Amino acid sequence: MKQVCFLFLVALVVPQLLIAQNVGIGTNSPLSRLHVEQDTVLFNGPASLPAVAGQLPVSGAGVRLMWYPDKAAFRAGRVTGIRWDKDSVGLFSMASGYDTKATRLAAVAMGWGNSAGPVSTGDVTVQQVGLILPLLELIVVQAMEKPASEQ
């Protein structure tokens with residue numbers, strides 16, 4: 001009987017331990033999958049970049065914050081297709097915003113649908129940064145100026 005009770009208890013407890021849990025660093029009650037309390041975070045990459053970059057942890061559409069150490073590249077925001085897949089990520093590049101793409105060496109693309117890629121020259125390229133903001137501001141201002149009956 002003791003063996004049956006023990007097995008029953010193990011069958012109840014073990015699955016709970018295997019379910020993904022929040023991880024806390026500096027806290028006993030993490031509020032998210034990774035919660036770092038009052039400290040800095042360091043993500044190290046290799047001392048020298050590999051000749052052939054490994055696969056990304058995720059590809060395709062999605063919302064993400066991603067450090068890709070094999071290319072020393074950073075991505076933050078939302079992408080609706082393949083613009084952040086391995087072949088669209090330049091060495092030492094950064095892309096943030098919505099559907100941005102930075103494919104060249106040390107390229108930077110920010111904003112909405114902007115690209116810093118094959119047509120760019122120079123070590124650092126920033127193209128069309130912030131062009132969408134004046135347009136959005138114009139749309140919001142126009143909407144606010146219309147009478148409620150016209151909206």
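Read-outs throughout are calculated quantities, based only on the coordinates presented, and are distinct from any laboratory measurement. Here the structure is a predicted model, which means the values were calculated and not measured. Quick reminder, even Gly has a Cβ in these numbers, built from the backbone with ideal geometry, and neighbours come from all protein chains shown.
May I ask you to derive the FRET efficiency for HIS35 and TYR98 from their Cβ-Cβ distance with R0 = 30 Å, giving the value to the nearest 0.05?
Working: r = 27 Å, r/R0 = 0.89.
Calculated transfer efficiency: 0.65.
Using the Karplus curve 6.51 cos²θ - 1.76 cosθ + 1.60 with θ = phi - 60°, work out ³J(HN,Hα) for each residue of region 44-57 in order, rounded to whole Hz, and write x for Gly and Pro.
Along region 44-57, the couplings run 8, x, x, 4, 9, 5, x, 4, 10, 5, x, 6, 5, x Hz.
In whole Hz and in residue order, list the ³J(HN,Hα) couplings for region 63-76 that follow from phi through the Karplus curve 6.51 cos²θ - 1.76 cosθ + 1.60, θ = phi - 60°; x for Gly and Pro.
Calculated HN-Hα couplings, in order: 10, 7, 10, 9, 9, 10, x, 5, 10, 6, 10, 10, 9, 8 Hz.
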